[in-house]
Amino acid sequence: MRSHRLRVGTAVAMLGITTLAVTACSTGSSSASEDATFAVNIAALEGAPTFDPAANMRGSAFNYAAAAYESLVTSDAEGALQPGVATAWEYTSPTELTMDFRLDSVFEDGSPMTVELIKANLERYQETPGTYQARLNSIDAIEVVDEDTLKFSLNTPDQSLPEAFSLTVGMMVSQAALDDPTLLLTDTYGSGPWILDSYTEDSEYSYIRNPEYAGPMDVQVDELNMFVITDLTAQLNALLAGDVDIISAQWSQRDQAESQGFAAASNESNVGGLMLFDRGGDVIPELGDVRVRQAINYALDRDAIGTALWSDYQRGTSSVFGKFTSAYDESLDDYYEYNPEKAKQLLAEAGYADGFELPILSRTMFGENKRLEATIPYLEAVGITATLSDRTNDYFDAITNKEFGASQGQQNGGIDSYVNSMNMLAPNAQLNPFGTDDPELTALIADASSELDADAAATKWQAVNKWVVENAWFAPVAFYHTHTVWDAEKLGGVELAAGQVFPLPFSWTPAE
């Protein structure tokens, strides 16, 4: 039997955040006693676009899926991979991976976990467009070896698959959801630590602890209440008022909260800047010329823009590979030093001495409109008439539908070079909506991903990075820190792993 769910329409009157927070925290002390309910109120920047892990579940939306679904692999605070549904895995050759599973999990609809179900989940992720679909590109075939073992035959060496299985493409849904994926539009069908109890779309989402959870994580939060607060200033005000316990924050808000006794942590996690999608010139012909894309890069004063937006919590860069990846090459950070005259020269050589018009997709979330507004004057100074097109409500649809040749955006810098290449460079990657496929880049990626010696592989991945920078597939501004602030008198165990943008609730405990 499925547990009772309440879905409240957005037009229905709702309880205020403060009321729910008081109810959830009515233990009478800052830490929960053994028989008290330990509830945590989270400020989320967006609502759940769906409860289907196969869809666009990235950034703050990831938590909606992570709460309800078990993934094949998990990771600890240091980013090291740990067992999830999978108990062990081994590469028996560069192109063959075997993986063993525990099958004691029971889905919230009462159905069992089986190795055939795991196989079917993964095959669905291979076929369904979504945030991390490209991460499974290396899989040619999945074979059931025995009742708790699968064998993966790969078309290219891919040491990153276990890490991919810690993301949404490793989350298991029940057979009922596989049979009818539309069920996942409005409900969860998982075996994870928590069960979706009720929600008001794009407003409030409440999860309760799953009494049948059989996984390896010792979760202590009884109730997760996620409140959608899209404005970071409003998130800070909610934290200061005691309405929520943990928030995302900008650097200035972090400093303000810390001065009032709240705890904070951050990571250099995301690269922010312009995504130059239309490298073939399909909708913006000018972007099909590499000299134009290089001109855009030379036009940006990364030090000035980065400092204005993120203070000292940033590092200017011309590269989209983060410092935790083997592809990182410090010399590429200032490859495009600020040079507006060089930018004008390149535009003239490309035949655009009088400039051109460049509509740029953006959204209010994460302050991206503000970031673009800080960037546009530098483009205008070299003759590019850039305009901001706010598509907050359908940002990813606009990308997928190839409506814009460029967007203001952000991307996690990651910890694995192959992972980054699949997320940003692969022909079916979300950040390559026009499917640009350059044979030279493809050969470089294949060479790097098939290299088993770590030092040699790093050199080859740095060659990939250099090619992407030289060909100006992106115009990044800086790698910046994402900040989390929380009430340390109530909440403990908050940890940010390398590259993580928001802490996951698995390790959270009542404050001591």
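The values are calculated or read from the model by the stated rules, or taken from the named source; none is laboratory data. Everything quoted here is computed from the prediction, not taken from an experiment. Glycine gets a Cβ as well: all are built from the backbone with ideal geometry, and neighbour counts include every protein chain shown. What goes into the accessible areas is simple: the full protein's heavy atoms, side chains included, and nothing from ligands, DNA or RNA. Shrake-Rupley method; radii C 1.70, N 1.55, O 1.52, S 1.80 Å.
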Q.
Could you tell me what a quarter of the Cα convex hull surface of the chain works out to, in nm² with one decimal place?
A. 23.2 nm²
Q: Pick out, in residue order, every one of the GluC sites (Glu not before Pro) in the range 122-231 that is DSSP loop and has at most 13 other C-beta atoms within 10 Å; say none if there are none.
A: GLU147, GLU212
**Q.** Distance between modelled label sites at ASP394 and THR233, nm, 7 Å Cα→Cβ extension
**A.** 2.9 nm
Q.
As a quick test, which of the pairs LYS151/LYS402; LYS151/LYS466; LYS370/LYS402; LYS344/LYS402; LYS342/LYS370; LYS151/LYS323 have an alpha carbon distance above 30 angstrom in this structure?
A. LYS151/LYS402; LYS151/LYS466; LYS151/LYS323
**Q.** Note, ³J(HN,Hα) from phi for the range 468-474, Karplus 6.51, -1.76, 1.60, rounded to Hz, x at Gly and Pro
**A.** 4, 5, 4, 8, 6, 5, 9
Q. Which of rounded, prolate, oblate describes the range 327-410, given a ≥ b ≥ c as roots of the alpha-carbon gyration tensor eigenvalues and a/c under 1.5 marking rounded, otherwise prolate only if a/b is larger than b/c?
A. oblate
Q. What's the extension gain from GLU337 to GLU123 if we count 0.36 nm per residue and subtract their Cα-Cα distance?
A. 72.6 nm
**Q.** Convex hull (Cα only) mean projected area of the range 399-512, reported in nm² to one decimal
**A.** 9.8 nm²
Q.
With only alpha-carbon pairs counted, each pair once and no self-pairs, how large is the Kirkwood hydrodynamic radius of the range 256-375 in angstroms?
A. 16.3 Å
Q. For the chain, what is the mean residue ellipticity at 222 nm derived from helices alone (per DSSP H run of n ≥ 4: -39500 (n - 2.57); sum divided by total residues; nearest 500 deg cm²/dmol)?
A. -7500 deg cm²/dmol
**Q.** Residue (of ASN267, GLN345, VAL477) at the positive-pole extreme of the chain, dipole from beta-carbon charges
**A.** GLN345
(Q) Per residue of the range 90-107, what does 6.51 cos²θ - 1.76 cosθ + 1.60 with θ = phi - 60° give for ³J(HN,Hα)? Whole Hz please, x for Gly and Pro, Karplus curve as stated. (A) 8, 8, 7, 7, x, 10, 9, 10, 10, 9, 9, 10, 8, 10, 8, 6, 10, 6
Q: Work the Kirkwood hydrodynamic radius out for the range 431-473: mean of 1/r over every pair of different alpha-carbon atoms, inverted, in Å.
A: 10.9 Å
(Q) Under a crude label model (7 Å from the Cα following the beta-carbon direction), how far is ALA456 from THR509 in nanometres? (A) 4.6 nm
Q. Among bridges DSSP assigns within the chain, what percent are antiparallel (round to 5)?
A. 75 percent
Q: Could you please state how large a percent of the accessible area of the range 88-151 is carbon and sulfur, counting protein chains only and using a 1.4 Å probe?
A: 46 percent
